[in-house]
Amino acid sequence: MLELPDVEVLRKDLEKEVVGKRVKDVTVGSTGIVRAFHRNRPELVKALEGRKIEAVRRRGHTLFIDLDDEHTWVIDPGAEGTLFRETATAELGPQTHLSVSFTTGGAIHLAEPGDEPTASTGVVATEGAYEAAGVNPDALDPLDDNPTWMEFGRFLAAASKPLKLLLIDPQHVVGIGPVYSDEILWEAGLRHDHPSDKLSTQEVRRFYRAMHEVLFLAMKQVGATLDEADPGETTDEDEIADHLKVFGRDGLPCFRCRRPIVRTRLKKGVYTYHCERCMI
Ligand SMILES: [Zn+2]
């Protein structure tokens, strides 16, 4: 899935590309992609066509594109969805589920590999758009909210959960998934099961600093862009290993202490990559 750094880079690209433009034609490839928001495809087409785009916002890994009629176009990239730039006349490929072209030329396509798209999109009233998109407005978005370290400390104490499960729980934190939760904890030197309300002041500061460092570095290095995104290609494991310090590196030596990285199952479908020596 796209995590916060990837989507923030995508948001910035999209902002440059589409703000101020007016939607010309909308083509929806599969009904599945609009089902969370609309009864049928024509509903989305009608809500988007002719509208001017005023802003591109993000909350967690969901994009909120404000239109000129107090409505917002929501794009949830799902497990593997991505956006890319196309010419206005480009046809929808088998994995492209949505095409939105603009009166001034060019188009944006939403694509996801596989038969069953997990990405979803729709137009909702701007007021209450987070709730309509299933995003908890009270959950922390570490980039968007930009808390101070003391606010972050109060948030950790109130949440009272094991750190890894806290980071990936969208009721508490939005936009962090399996990859960056492990990376942040490794950088902070904190174990996945360390309770969030049992951190010393020093540990809170280290955690806070690690979170910023990992997210900002990731935005520089691996952020998806509208140009580079390839709809048919999933992320290459070797490519991941190049950029990341701990995720996907089980059996390989820890970059800090050389002890092999371990992969541990936390619950169904949830794994953590960690170092047993330097994460406490
Ligand atoms: Zn280590």
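The values are calculated or read from the model by the stated rules, or taken from the named source; none is laboratory data. All figures in this text were calculated on a predicted structure; none of them were measured in a lab. FYI the Cβ positions are ideal-geometry reconstructions off the backbone, even for glycines, and counts take in every protein chain you see. Please note that ligands, DNA and RNA were not included when accessible areas were found on the heavy atoms of the full protein model with its side chains. Shrake-Rupley method; radii C 1.70, N 1.55, O 1.52, S 1.80 Å.
Computed quantities for the displayed model
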item	result
Helix-only CD estimate at 222 nm, as mean residue ellipticity for the chain, using -39500 (n - 2.57) per DSSP H run (n ≥ 4)	-8500 deg cm²/dmol
Pairs of lysine residues in the chain - Cα separation under 19 Å, sequence separation of 8 or more or cross-chain	18
Fluctuation leader among Phe247, Phe155, Phe207 - the chain, Gaussian network, Cα springs under 10 angstrom	Phe155
Solvent-accessible area per residue for the chain (1.4 angstrom probe, square angstrom)	48
Choice from Thr62, Thr72, Thr118 showing the highest fluctuation, given a GNM over the chain with Cα pairs closer than 10 Å	Thr118
Solvent exposure ordering (accessible area, 1.4 Å, most first) of Lys164, Lys268, Lys245	Lys268, Lys245, Lys164
Whether segment 4-132 is rounded, prolate or oblate, judged on the alpha carbon gyration tensor where a/c under 1.5 counts as rounded	rounded
Most fluctuating residue given options Gly175, Gly189, Gly251, as computed from a GNM of the chain linking Cα atoms under 10 Å	Gly251
Among His38, Pro113, Gly20 - extreme Cα towards positive end, dipole of segment 1-160, charges at beta-carbon	Gly20
Area of Ile184 that stays accessible when all protein chains are in place (1.4 Å probe, Å², to 10)	0
Folded to 0 to 90 degrees: helix 4-18 orientation relative to the chain principal axis, Cα	30
Amide H contacts of Val173 (H built 1.01 Å from N, under 5 Å, at least 5 apart or other chain)	Leu140
Accessible-area composition of the chain, carbon plus sulfur, in percent [1.4 Å probe]	48
